[in-house]
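The values are calculated or read from the model by the stated rules, or taken from the named source; none is laboratory data. Everything quoted here is computed from the prediction, not taken from an experiment. Using ideal geometry, Cβ is built from the backbone for each residue, glycine included, and neighbour counts are taken over all protein chains shown. SASA here: full protein model, heavy atoms, side chains in, ligands and nucleic acids out. Shrake-Rupley method; radii C 1.70, N 1.55, O 1.52, S 1.80 Å.
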Amino acid sequence: MIIAHTINEVKEHVIEWKKKGLSIGLVPTMGYLHEGHASLIKKARTDNDIVIVSDFVNPIQFGAGEDLEDYPRDFEADCKLCTSLGIDLIFNPNPSEMYLKGFHSYVGVDTLSAGLCGKSRPIHFNGVCTVVSKLFNITEANRAYFGKKDAQQLCIVKRMVRDLNFNIEIIGCPIIREEDGLAKSSRNTYLNATERAAATILHKALTKGEDMIRNGEKKSHTIINEIKSILEKEPLARIDYVELVDSDELQPVDTINGGILCAIAVYIGKARLID
Ligand code: AMP
């Protein structure tokens, strides 16, 4: 596996691979890899001749007072996992390599970034779109893989690719969970044992909402109220949002009719968990 820290190193390899007509799959990550990331990587491995994993804690997607400094990092462990999964190249640049002095160019998808996580993280998705655009250009990937756990991010990246005519296919992958239902996340490491136990409430609440919809409940506010009441029973949980939105435009729906996304963000201790 090639370990690349600079953009030029990646580009040199990409030129060779493209000359040979090989397809390239990209899995963008912020590192501290777990089985959720591994599932994306395995899918990329199946679909492509070459797989690139980017491992970069992207500073411009963190707002002031967020967890940029504390975000967990273990590049050695990430390399081991990627080697075991047969990755061709892991790209681990420094922030100064990605953002040169005088960097002033940003990519954003407005309406879709305004709601859900965008309300409490106003610059987040512009940071994501910008780094993802850079990674698409650097790797010239044919396909890129994103998890459905970050459903708003997936929707925004797909829209950006469509609107700006990026020559890449975006593939959404299923949410990988712990046995007790908690979605795997690098941020789960912030939880102590008591908080970890409390965090199972997210999946319990969402499952209840899902059951209500399957049983024919159509009124969003009834479902949202039920999910909130389950979350509120957990003293360690502090709700950021519980929303039912249409899966294309991410706008709140009153009545369930067609494809919807139920998205929640909940603080447990200092961890902000989304599902
Ligand atoms: P991150 O390193 O948290 O930025 O995540 C990198 C990619 O992995 C994103 O596309 C995430 O949606 C995806 N991902 C993170 N956790 C999971 C999970 N539990 N299941 C599936 N995909 C995930």
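Below are the figures for this structure:
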quantity	calculated
Condition broken by PRO28, with the remaining ones in (1) near the ligand (Cβ under 9 Å from one of its atoms); (2) over 14 Å from VAL131 (Cα atoms); (3) touching a strand residue (DSSP E or B) at 6+ places or on another chain (Cβ under 6 Å) satisfied	(2)
Flag for ASN142 being polar (S, T, N, Q), away from the ligand (no atom under 11 Å from the Cβ), open to solvent by 40 Å² or more (accessible area, probe 1.4 Å) and more than 22 Å from GLY31 (Cβ to Cβ)	yes
Condition check for ASP78: open to solvent by 60 Å² or more (accessible area, probe 1.4 Å) and within 16 Å of the ligand (Cβ to nearest atom)	no
Residue that is farthest from VAL132 (Cα to Cα) [pool: residues in region 104-116 that are open to solvent by 30 Å² or more (accessible area, probe 1.4 Å) and aliphatic (A, V, I, L, M)]	ALA114
Check on TYR71, open to solvent by 60 Å² or more (accessible area, probe 1.4 Å), modelled with pLDDT of 95 or more and under 24 Å from ASP150 (Cβ atoms)	no
Candidate set: region 145-167, residues that are open to solvent by 20 Å² or more (accessible area, probe 1.4 Å) and over 26 Å from LEU206 (Cβ atoms); chosen: the one farthest from the ligand (Cβ to nearest atom)	ASN165
For ASP248: the one exception among (1) under 27 Å from GLY65 (Cβ atoms); (2) assigned to a loop (DSSP other than H, G, I, E, B); (3) under 23 Å from the mean Cα position of the chain (by Cα); (4) not polar (S, T, N, Q)	(1)
Qualifying positions in region 46-58 - touching a residue at least 60 places away in the same chain (Cβ under 8 Å), of a type outside the set (D, E, K, R) and not in a loop (DSSP other than H, G, I, E, B)	ILE52, SER54
Hits in region 21-39 - residues which are open to solvent by less than 10 Å² (accessible area, probe 1.4 Å) and not in a strand (DSSP E or B)	GLY31, ALA38
Residue among LYS119, LYS42, LYS101, LYS18 that is open to solvent by 60 Å² or more (accessible area, probe 1.4 Å), part of a loop (DSSP other than H, G, I, E, B) and modelled with pLDDT of 95 or more	LYS101
Residue in region 214-226 that is open to solvent by 30 Å² or more (accessible area, probe 1.4 Å) and either within 16 Å of the ligand (Cβ to nearest atom) or closer than 28 Å to HIS34 by Cα (or both) present	no
